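Beneath this line is the structure, given in structure tokens, with notes to follow.
The values are calculated or read from the model by the stated rules, or taken from the named source; none is laboratory data. Given the structure is predicted, the values throughout are model-derived calculations rather than measurements. For neighbour counting, all protein chains shown are included, and Cβ atoms are generated from backbone atoms with ideal geometry for every residue, glycine included. Remember, those area values only see protein heavy atoms, side chains included, never the ligands or the DNA or RNA. Shrake-Rupley method; radii C 1.70, N 1.55, O 1.52, S 1.80 Å.
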Amino acid sequence: MLHVGINGFGTIGKRVADAVRVQPDMTVAGVAKRSPNFEATIAVDRDYGLYAAGEDGADPFASAGLDTAGTVRDLVEASDVVVDATPGGVGETNAALYADYDTPAIFQGGESADVADVSFNARANYDTAVGADTARVVSCNTTGLSRLFAPLQDAYGIEKARVTLVRRGGDPGQTGRGPINDTLPDPVEIPSHHGPDVQTVFPDLAIDTMGMKVPTTQMHTHSVNVTLESEPTAAAVRDLLSAESRLFLIPETLGIDGAGKLKEYTRDAGRPRGDVWENCIWAESVTAEDRDLYLFQAIHQEADVVPENIDAVRALSERTASAEQSIRRTDAALGVGR
Ligand code: NAD
């Protein structure tokens with residue numbers, strides 16, 4: 001049984017902890033937090049073992065009536081692997097702590113790529129993280145693009161990818177984010193930083209990206225054009241993508257016209273928090289014209305990196321035979337692709 005510590009128990013950390021909890025080969029060693037907010041009470045309700053990440057120890061939790069099991073140092077020492085899910089840029093400041101205890105660590109996409117030995121996506125480059133000391137699970141957008149490009153690259157070769165990312169303004173709990181009534185080129189510089197991030201996973205991929213921000217908290221939407229090295233039919237591409245457990249081709253018959261209905265669908269299905277772990281590709285949008293492929297996909301920013309974190313834990317710990325085995329195990333335990 002792998003003991004997994006989670007440092008940072010917010011949007012991503014709480015989902016990773018719940019995902020660890022249902023894996024047959026992992027258990028939650030504990031979660032570390034700074035503030036005694038509502039998420040801290042959830043950690044206690046779930047019996048995760050709450051550790052204080054603040055510099056002044058357990059004080060903020062004690063005054064809020066929450067018992068702690070120790071400090072973040074105790075958690076790192078007790079863990080086989082740590083998942084750092086602190087806000088972007090904070091993970092980097094924790095790297096020395098993990099190194100002090102020789103505890104393999106996973107960082108998130110808000111960190112710069114040089115925080116870790118490898119930038120990780122299970123479908124694209126699982127093997128590069130096997131036995132590494134550290135890995136960075138790439139951002140929600142880069143995860144969504146990597147899952148799509150890996151099978152296209154394997155089957156047809158990619159000459160060049162061009163993507164416009166229409167990004168949600170903030171997560172539902174991020175009350176201070178926006179815009180609330182505008183459509184922003186964001187970043188206004190072209191190409192955006194997303195392409196170089198994808199190249200941390202696919203170093204040789206030619207890709208240009210443009211970003212926008214819009215007033216929704218639901219999901220990101222990608223408008224994708226890939227020039228392939230061969231000329232498959234749209235039907236062949238649909239078959240290829242449908243065979244991937246983390247790609248969901250939305251059938252026309254479901255009547256799902258956007259992220260709102262996608263989230264409603266997963267809530268109706270009883271998914272925890274209405275999470276959509278898979279890329280959601282509109283099947284009718286998959287269009288092939290000569291070597292150019294076009295499609296739209298929606299990415300649930302709070303959820304798609306969660307299965308990838310679980311696979312990264314297995315890769316660092318070297319306890320699983322292959323990417324396929326880890327992906328299958330993660331998906332079966334969580335319910336991905338069902
Ligand atoms: P969040 O703000 O929701 O959660 C961060 C948590 O870390 C909070 O509970 C906060 O109290 C805690 N924290 C703050 N400083 C800490 C410290 N020094 N030690 C321990 N805990 C501390 O952030 P998030 O959205 O979960 O993002 C975490 C990481 O995941 C970032 O790198 C982000 O870029 C990345 N990410 C976020 C999303 C998303 O859409 N939310 C998607 C993919 C990747």
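A few points about this structure:
- Matching residues, segment 128-176, being under 20 Å from residue 211 (Cβ atoms), part of a loop (DSSP other than H, G, I, E, B) and of a type in the set (A, V, I, L, M): 138
- So residue 116, is it of a type in the set (Gly, Ala, Ser) and surrounded by 16 or more Cβ atoms within 10 Å (Cβ to Cβ): yes
- Within segment 310-325, one or more residues are open to solvent by less than 40 Å² (accessible area, probe 1.4 Å), within 17 Å of residue 278 (Cα to Cα), in contact with a helix residue (DSSP H, G or I) (Cβ under 8 Å, 6 or more places away or on another chain) and of a type in the set (Val, Ile, Thr).
- Selection count where residues are over 19 Å from residue 145 (Cβ atoms) and open to solvent by less than 80 Å² (accessible area, probe 1.4 Å), scope segment 243-268: 8
- Among the numbered conditions (1) free of Cβ contacts under 8 Å to residues at least 40 places away in the same chain; (2) more than 20 Å from residue 152 (Cβ to Cβ); (3) more than 16 Å from the ligand (Cβ to nearest atom), the only one that residue 274 does not meet is (3).
- Residue 152 passes every criterion in (1) in contact (Cβ under 8 Å) with a residue 60 or more places away in the chain; (2) more than 21 Å from the chain's Cα centre (by Cα) apart from (2).
- Among (1) of a type outside the set (S, T, N, Q); (2) more than 18 Å from residue 12 (Cβ to Cβ); (3) surrounded by fewer than 20 Cβ atoms within 10 Å (Cβ to Cβ) - the single one residue 194 does not satisfy: (3)
- Filter pass, residue 133 being open to solvent by 50 Å² or more (accessible area, probe 1.4 Å), farther than 23 Å from residue 276 by Cα and touching a residue at least 24 places away in the same chain (Cβ under 8 Å): yes
- Lone qualifier among 209, 221 - being touching a His at 6+ places or on another chain (Cβ under 9 Å) and either buried (at least 18 other Cβ atoms within 10 Å of the Cβ) or in a strand (DSSP E or B) (or both): 209
- Residue within segment 292-300 that is surrounded by fewer than 24 Cβ atoms within 10 Å (Cβ to Cβ), away from the ligand (no atom under 16 Å from the Cβ) and free of Cβ contacts under 8 Å to residues at least 24 places away in the same chain present: no
- The conditions of being of a type in the set (D, E, K, R) and over 30 Å from residue 144 (Cβ atoms) are not met by residue 80.
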